[in-house]
Amino acid sequence: MRIAVAGGTGRIGRLTIAALGAAGHQTVPLSRGAGVDAYTGDGLLDALAGAEALIDVVNLPSQNEAEIVDFFGTTTRNLLAAGEKAGVRHHVLLSVVGIDHNRRTPHYAGKREQERLVAAGPVPWSIVRATQFHDFAAMVAGWAERDGTATIAPLLVQPIAQADVAKILADVAVAAPLGYRLDIAGPQTEDLVDMARRTYAARGQEIELIPSWRGSFGPDLAGEALLPGDAARLGPTSFADWLAAGAR
């Protein structure tokens, strides 16, 4: 099966291409390096020729909400339009668990726009909502770290390994379109503060962590707001497994 991966040179994109290749599928990475620009649409139609499915894992490292919504919205419209013309039969979008609850994070506004466009679009679809990755806790603490001290929200999360996300995306892409949002997560619920503490310990770093709702995440995300639904598909790799493998 020929499958295109938008964002194929990113960390999830590379793992997804590897998972598809291991299963015997032909992959087409859509990237600027390959002469394809999902934001402008340049090269998209030719790159999608013969593709039966398209997996969208594009990302943008920005904290500007207007910029993020414009980028995700524009790339999604272009991918859907080119996919329809090329005869793509399945559009798979990687999204995030909890985006309906979190209205403070600019990235999530972009993901909501993507989901809206895909669900209303012309190509049969599946939306895969993943929980946070295993390195999320240390990344969040790193945003707030000052002079060896960092605030971090005491969130409940059910983190998932990036390789497990890629494997599930590959499985979904080669199956029939779901037409609904599938939550995916790791096997166990974790506390974000404890995750950060254990990650820093595994990396040999010393940072004082202060639980607080006054940082990037507020009390609107307390409780089970970031946990997957009851019908979620669970990946096998636990947070403890990731720590034991080097926390990288």
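Beyond 18 Å, the tail of the calculated P(r) for the range 179-245 holds 52 percent of the Cα pairs. Sequence-distant contacts, meaning Cα pairs under 8 Å at least 6 residues apart, place the relative contact order of the range 113-248 at 36 percent.
So what's the back-of-envelope 222 nm ellipticity for the chain, counting only DSSP H runs of four-plus at -39500 (n - 2.57) apiece and dividing by all residues, rounded to 500?
Numbers: 8 runs with 92 residues, N = 248.
Estimated from H runs of four or more residues: -11500 deg cm²/dmol.
The Cα-based radius of gyration and maximum Cα-Cα distance (Dmax) for the chain are 18.2, 54 Å. DSSP beta bridges confined to the chain are antiparallel in about 10 percent of cases. Short-range pairs are left out: with C-alpha atoms under 8 Å and at least six residues apart, the relative contact order of the chain is 20 percent.
Backbone amide hydrogens, once placed in the peptide plane, bring residue 134 within less than 5 Å of 160, 162, excluding anything fewer than 5 places away on its chain.
Stretched out fully, how many nm does the piece from residue 244 to residue 210 gain, at 0.36 nm a residue minus the Cα gap? Before the final figure, lay out each step's value.
Working: separation 34, 0.36 × 34 = 12.24 nm, distance 2.47 nm.
Contour length minus the Cα-Cα distance gives 9.8 nm.
Report the extension gain between residue 37 and residue 119 in nm, rounded to one decimal, defined as 0.36 nm multiplied by the number of residues separating them, less their alpha carbon distance. The partial results should precede the final answer.
Values: separation 82, 0.36 × 82 = 29.52 nm, distance 2.25 nm.
Full-extension gain reported as 27.3 nm.
Rounding to the nearest 10 and keeping the result within 0 to 90°, find how far the Cα-based axis of helix 11-22 lies from the longest principal axis of the chain. For 11-22 against the chain, the angle is about 60 degrees.
We did not get these values from a lab; they are worked out from the coordinates using the rules stated. Just so you know, these numbers come straight off a predicted model, no measurement behind them.
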